[in-house]
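Undergrad: First, the structure itself, so that you have it in front of you.
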Amino acid sequence: MNAIECENLGRSFGRLPAVQGLNLSVPEGSFFALLGPNGAGKSTLLKVLLNLLRPSTGSARVLGRQSTSLSAGDFQRIGYVADGQDLPDWMTTSQLLSFCRPLYPSWDQSLATRLAAQFDLPVDRALSKLSRGMRMKAALLSCLAYRPELMVLDEPFGGLDPLVRDDFIQGLLEIPGDDRPRTFIVSSHDIDEVERLADDVGFLAAGNLLVHEPADALRRRFRSIEIVGPSTIKPPSPPTEGWTEVKQASENVVRFVCTSFGGEEEGRIRARFPGATISIQAMTLREIFLVLARAERGKGAL
């Protein structure tokens with residue numbers, strides 16, 4: 001079963017499209033990273049999913065319900081933490097948790113206590129006196145304590161210094177399996193930060209979903225290739241299918257990205273450049289996204 005299903009989903013602001021014709025399925029039990037630059041439409045998409053914005057076209061289902069029909073009971077199954085989220089600054093963390101507790105029948109006080117200790121949260125200090133990172137942890141804790149099935153994090157690393165970001169990510173990784181929401185959705189432009197979290201990845205740019213697939217499969221099929229010939233070599237013309245960003249670095253060096261690596265592809269590359277020294281490098285999610293975004297921009301979509 002899927003936690004999220006979108007069909008031809010779009011949202012525009014006047015004549016400006018923020019999300020365009022998006023089709024997406026996020027399986028239950030996954031840690032889905034929605035990645036892309038600022039202004040890509042990530043926050044808009046999440047707000048449509050949570051019925052904070054109405055879709056202009058298409059539809060979305062969240063935990064089996066139409067997003068436009070989510071009820072109070074449905075929101076007891078969903079946690080949401082966003083960068084810049086308003087919090088009652090005059091409350092302490094303890095008071096915030098006490099305020100939230102009666103709103104959720106599934107509230108688990110023992111879990112709240114354990115997570116407060118794990119996150120090293122000063123529960124008796126006013127939220128206004130907490131650092132940005134601690135405020136994010138307090139907001140996260142106020143959601144995790146009622147054991148939501150779906151946890152949505154919108155740019156949770158915004159404005160956090162590298163050490164605090166690492167602490168926040170480590171805190172997510174260290175939540176025991178029985179205490180974790182079944183499904184996570186994290187949107188971020190800090191692609192490097194979520195690479196170790198995500199098992200399912202979607203890249204969004206200018207409201208278009210460039211790719212969506214398991215993170216491991218995406219990494220396996222993308223490779224950066226450098227060919228160093230014993231003498232002058234030329235890239236194939238026309239370009240070989242599945243090769244992009246082909247560059248003649250010098251008269252005997254060709255570089256390109258292979259987007260369909262695996263199977264017999266390495267053998268075909270070696271056969272195309274006999275006698276050459278071939279370097280094959282894995283790529284990070286950030287590097288893969290840049291390749292996809294440049295290709296989309298070349299079509300005039302960005």
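Undergrad: If you take every residue apart from Leu111 with its C-beta less than 11 Å away from the C-beta of Leu111, what net charge results, scoring Lys and Arg +1 and Asp and Glu -1?
TA: Value of the local net charge: 0.
Undergrad: So what's the net charge close to Asp89: Lys and Arg +1, Asp and Glu -1, counting the other residues with Cβ under 13 Å from its Cβ?
TA: Summing Lys/Arg as +1 and Asp/Glu as -1 gives +3.
Undergrad: Once label points are set 7 Å from the Cα along Cα→Cβ at both Arg54 and Arg101, what is their separation, rounded to one decimal in nm?
TA: 3.9
Undergrad: Using a 7 Å offset from Cα along Cα-Cβ at Trp90, what residues in segment 116-136 end up with backbone N under 16 Å from the label point?
TA: Only 126-129 fall inside the zone, counting backbone N under 16 Å.
Undergrad: Note down the net charge around Gly207, summing +1 for each Lys or Arg and -1 for each Asp or Glu among other residues with Cβ under 10 Å from its Cβ.
TA: Residues close to Gly207 contribute a combined charge of +2.
Undergrad: If amide H atoms are built 1.01 Å from N in the plane of the peptide, which residues on other chains or at least 5 residues away come under 5 Å of the amide H of Val246?
TA: Residues meeting the amide H criterion: Val257.
Undergrad: Could you tell me what percent of the DSSP beta bridges with both partners in the chain are antiparallel, to the nearest 5?
TA: 65
Undergrad: Taking θ = phi - 60°, what integer Hz values does the Karplus form 6.51 cos²θ - 1.76 cosθ + 1.60 yield along segment 167-173, in sequence order, with x for Gly and Pro?
TA: Going residue by residue, I get 4, 5, 5, 4, x, 5, 5 Hz, with x marking Gly and Pro.
Undergrad: When the Cα centres of segment 76-99 and segment 168-195 are compared, how far apart do they sit, in Å?
TA: Spelled out, the Cα-based centre of one part sits 18 Å from the other.
Undergrad: Each residue of segment 13-28 in order: what ³J(HN,Hα) in whole Hz does its phi give by Karplus 6.51 cos²θ - 1.76 cosθ + 1.60, θ = phi - 60°, with x for Gly and Pro?
TA: Listing the rounded values in order: 10, x, 8, 9, x, 9, 9, 10, x, 8, 10, 7, 10, 10, x, 4 Hz.
Coordinate-derived values only; no laboratory data. None of the values given here were measured: they were computed from a predicted structure. All Cβ positions, even for glycine, are placed from backbone atoms using ideal geometry, and neighbour counts span all protein chains on display.
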